[in-house]
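Read the structure below first, then the notes.
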Amino acid sequence: MLASMKAKELALRWFGASFMRFYRLLYNGFSILTFIPIMGIAALTKGPKLYVVPMPWAGLMVLGEFLAVAGLVIALVQTDVWGFIGLRQLGERNEPTQLKIGGLYRYIRHPLYLMGLVFIWLFPYMTGAILVFNISLTIYILIGVFFEERKLRREFGQEYIAYAAKTPMLIPFRKKNKT
């Protein structure tokens, strides 16, 4: 809800324009603080063991998770880590954001979301609690993609619409890139 434009507009009305410099940082902090107990519950809840992937397949899955983490780091760097965290917005000169269409963003519009999904679903051990957590996080991410798409269309207009027409949202190589 805090990622929605309505929440941001409400914060702007209530707290003023100077507060908006802190919005992203506070949003991230709130997200982390509220996510930690959910992760703890999923990790500590004893539930039915659904499967354990044997070696060597488990090793391949863990390798996939490492590659997903590497992809997350690369996408964060390409996105602007300081802006993503919310620290860049605290500076005196808050320069306008530019649409990122290079690097991983040349192949997929939301590499951060994709890498997060790859990471959670390649876990080689599955319990009922982890499954519920993964399904919930997947739904959360898909809702986040919806809000992100709407925000990017509003922020970048026709430039984003043209980019979206030739670049897949979450599954790379589904549409042919024409760049």
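Values computed for the structure shown
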{"read-out": "Whichever residue in the stretch 1-41 is among the aromatic types (Phe, Trp, Tyr) and within 17 Å of Phe147 (Cα to Cα) and, among such residues, is modelled with the highest pLDDT", "value": "Tyr27"}
{"read-out": "Qualifying position, being at pLDDT 90 or above and in contact with a strand residue (DSSP E or B) (Cβ under 8 Å, 6 or more places away or on another chain), among Val69, Val52, Val62, Val73", "value": "Val52"}
{"read-out": "Residues (in contact with a strand residue (DSSP E or B) (Cβ under 7 Å, 6 or more places away or on another chain) and part of a helix (DSSP H, G or I)) located in the stretch 111-134", "value": "Gly128, Leu131"}
{"read-out": "Qualifying position, being of a type in the set (A, V, I, L, M), under 19 Å from the mean Cα position of the chain (by Cα) and assigned to a helix (DSSP H, G or I), among Ile108, Ile74", "value": "Ile74"}
{"read-out": "Residue match in the stretch 86-95 (condition: surrounded by 15 or more Cβ atoms within 10 Å (Cβ to Cβ), touching a residue at least 40 places away in the same chain (Cβ under 8 Å) and closer than 27 Å to Ala17 by Cα)", "value": "yes"}
{"read-out": "Matching residues, the stretch 109-135, being of a type in the set (S, T, N, Q) and free of Cβ contacts under 8 Å to residues at least 24 places away in the same chain", "value": "Asn134"}
{"read-out": "Qualifying residue in the stretch 21-28 (condition: touching a residue at least 40 places away in the same chain (Cβ under 8 Å), loosely packed, with under 15 Cβ neighbours inside 10 Å and over 26 Å from Phe123 (Cα atoms))", "value": "yes"}
{"read-out": "Any chance Gly40 is of a type in the set (Gly, Ala, Ser), part of a helix (DSSP H, G or I), out of contact with any Asp or Glu (no Cβ under 9 Å at 6 or more places or on another chain) and within 26 Å of Met169 (Cα to Cα)", "value": "no"}
{"read-out": "Residue ID - modelled with the highest pLDDT, chosen from residues in the stretch 111-164 that are surrounded by fewer than 16 Cβ atoms within 10 Å (Cβ to Cβ) and hydroxyl-bearing (Ser, Thr, Tyr)", "value": "Thr138"}
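Table: residues versus (1) surrounded by 12 or more Cβ atoms within 10 Å (Cβ to Cβ); (2) touching a residue at least 60 places away in the same chain (Cβ under 8 Å); (3) in contact with a Cys (Cβ under 8 Å, 6 or more places away or on another chain).
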| site | (1), (2), (3) |
| --- | --- |
| Phe19 | yes, no, no |
| Leu33 | no, no, no |
| Gly40 | no, no, no |
| Thr45 | yes, yes, no |
| Lys49 | no, yes, no |
| Trp57 | no, yes, no |
| Glu65 | yes, no, no |
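The values are calculated or read from the model by the stated rules, or taken from the named source; none is laboratory data. Owing to the predicted nature of the structure, the values given are computational and were not obtained by experimental measurement. Neighbour counts run over all protein chains shown; Cβ positions are idealised from the backbone, glycine included.
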